[in-house]
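As structure tokens, the structure follows; a few thoughts come after it.
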Amino acid sequence: MREFVHETRPVRVVLRAGAAGAATPQEAQHLGLRRLLVVSGPRGAETARAVADALGDACVGVHAEARMHVPAEVAERAVDVARSLGADGCVAVGGGSAIGLGKMIALRTGLTLIAVPSTYSGSEMTPVWGLTENGAKRTGRDPSVLPRSVVYDPELTLSLPVGLTVTSGINAVAHAAEALYAPDVSPLIALTAEEGVRAMTGALPELVADPEDPDARGRALYGAWLCGAALGATTMGLHHKLCHVLGGTFGLPHADTHTVVLPYALAHNAPAAPEAMAALGRALDTEDVPGALWDLARRLGAPRSLAELGLKEADLAVAAGEATSRTYPNPRPVTTEGVLDVLRTAHRGDRPHTKY
Ligand code: NAD
């Protein structure tokens, strides 16, 4: 018998073509919100304004100033805007950066958040917030930042460039992969994670062939939802820690870094995580999960190595030191030598060799 604790959180999820404009006002009404501030990044401003138009009188403003990793001054300004407009809720339209800004508004003001995601980052399904101050990114968990409604609209993702489609999709796969060996995974989350990987890795090759295939876009968002739910319910291990360090300290791009590191982090952990590897093997139809993910990323034209992302060989030891400076759960004990080995192979970008 597998013992577990499973918590269900109050989130409504809508997935439908055209839902950004059609369902967001309904979700606002359902939550009793009448004065919503819509936030987005500068590139998502047009979509944010379309959502604002659909909200009509229930929208008090659009604030299109979200930036990657939520800089403290950006968060402060957005909180001021929300307060000065007397907002009673916030709609975050965009990728993890826009949703991250919405989460900081929710954390500081207690406002209810609705998320309308346009990437596969999964942030909309987690109670985790992030804030960058004095060059360092802090994260925390607080149930108040979890969106109460999530509106997935495949039409919003038709414009997602192929490169970001692939890396954002593999970012989602990374959430599910680490959830599968997390100490707090429940049987329901294990099923969710496995199905999330199956849906996402099935959709990605179709999207590289035809980025505007509405059905594949829908299946990718479905996968992102499941992978995000798995992320939100569990504690992440070595892979996420490494990517956090590489993004935070060395400024490497978020989704690209996840894509490059994942096969190597999994190759390292595989011998200590047989159940997770079996689930991932079923989802990917393979007996060599790290190798299959490496092959998939290459077939889809993703970046190949940390060197390609601009990381210098001299940075590897610093990154390994940071990634081992605090403890966190991981199926294999985290040692500086082990982490350095993962980083060295990811820096070179060779196909991972695993026996498990
Ligand atoms: P992002 O939100 O920064 O978006 C990347 C780029 O893509 C931006 O320039 C954006 O304008 C553009 N973009 C987004 N959607 C688009 C679309 N549909 N069409 C065209 N362009 C589009 O990147 P991301 O990968 O979604 O999110 C990364 C951030 O989210 C990081 O800061 C990461 O730490 C955070 N994150 C947080 C959690 C969490 O649980 N708190 C989970 C995952 C990611």
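The values are calculated or read from the model by the stated rules, or taken from the named source; none is laboratory data. As the structure is a computational prediction, the values presented were derived from the model and not from experiment. Every residue, glycine among them, receives a Cβ derived from its backbone with ideal geometry; neighbour counts consider all protein chains shown. All accessible areas refer to the heavy atoms of the entire protein, side chains included, with ligands and DNA or RNA removed. Shrake-Rupley method; radii C 1.70, N 1.55, O 1.52, S 1.80 Å.
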Subject >> Largest-first ordering by accessible area, 1.4 Å probe, given options F250, F4 >> reply: F4, F250
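Once you have the Cα-Cα distance between S159 and T235, take 0.36 nm times their residue separation minus that, and quote the gain in nm to one decimal.
Computed gain between S159 and T235 is 24.2 nm.
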**OP:** State the extension gain, in nm to one decimal, for the chain segment bounded by T336 and V11, taking 0.36 nm per residue of separation less the distance between their alpha-carbons.
**Re:** 113.1 nm
Subject >> Cα→Cβ-extended label distance, 7 Å offset, between R2 and R43, nm >> reply: 3.7 nm
**OP:** For K312, go through the aspartates and glutamates and keep the ones whose alpha-carbon is under 17 Å away, minus same-chain ones fewer than eight residues off.
**Re:** D256, E322, D341, D350
Original post:
Across every pair of different alpha-carbon atoms, what Kirkwood hydrodynamic radius in Å does the stretch 16-150 reach?
Top reply: 14.2 Å
Original post:
Relative contact order for the stretch 260-331 using alpha-carbon pairs under 8 Å, separation at least 6, rounded to a whole percent?
Top reply: 36 percent
Subject >> Length-normalised contact order of the stretch 12-157 in % [C-alpha pairs under 8 Å, at least 6 apart] >> reply: 28 percent
**OP:** For the chain, calculate the relative contact order in percent as a whole number, restricting contacts to Cα pairs under 8 Å that are 6 or more residues apart.
**Re:** 15 percent
Original post:
Accessible area of V5, 1.4 Å probe, to the nearest 10 Å²?
Top reply: 130 Å²
**OP:** With r as the distance between the Cβ atoms of A278 and E313 and R0 = 41 Å, compute the FRET efficiency 1/(1 + (r/R0)^6) and round to 0.05.
**Re:** 0.70
Original post:
Can you give the FRET efficiency for S305 and R34, using 1/(1 + (r/R0)^6), R0 = 45 Å, r = Cβ-Cβ distance, to the nearest 0.05?
Top reply: 0.35
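A 27 angstrom limit on the alpha carbon distance is what I want to check against. Which of K241/K355; K137/K355; K103/K241 exceed it?
Numbers: K241/K355 23 Å; K137/K355 35 Å; K103/K241 21 Å.
Result: K137/K355 exceed 27 Å.
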Original post:
Which whole-Hz ³J(HN,Hα) couplings does the stretch 130-145 yield from phi under the Karplus relation 6.51 cos²θ - 1.76 cosθ + 1.60, θ = phi - 60°, glycine and proline marked x?
Top reply: x, 8, 10, 9, 6, x, 10, 9, 9, 10, x, 10, 7, x, 5, 8
**OP:** Could you check what % of the DSSP bridge pairs in the chain are antiparallel, to the nearest 5?
**Re:** 20 percent
**OP:** Find the centroid of the Cα atoms in the stretch 257-279 and in the stretch 52-116, then give the distance between the two in whole Å.
**Re:** 35 Å
**OP:** Can you tell me the FRET efficiency between T327 and E133 if r is taken as the Cβ-Cβ distance and R0 is 25 Å, rounded to the nearest 0.05?
**Re:** 0.60
Original post:
Where only protein heavy atoms count, and the probe is 1.4 Å, what is the accessible area per residue for the stretch 162-348 in Å²?
Top reply: 37 Å²
**OP:** Scan around G61 for amide H atoms under 5 Å from its own, H built in the peptide plane at 1.01 Å from N, and keep only partners 5 or more places away or cross-chain.
**Re:** V38
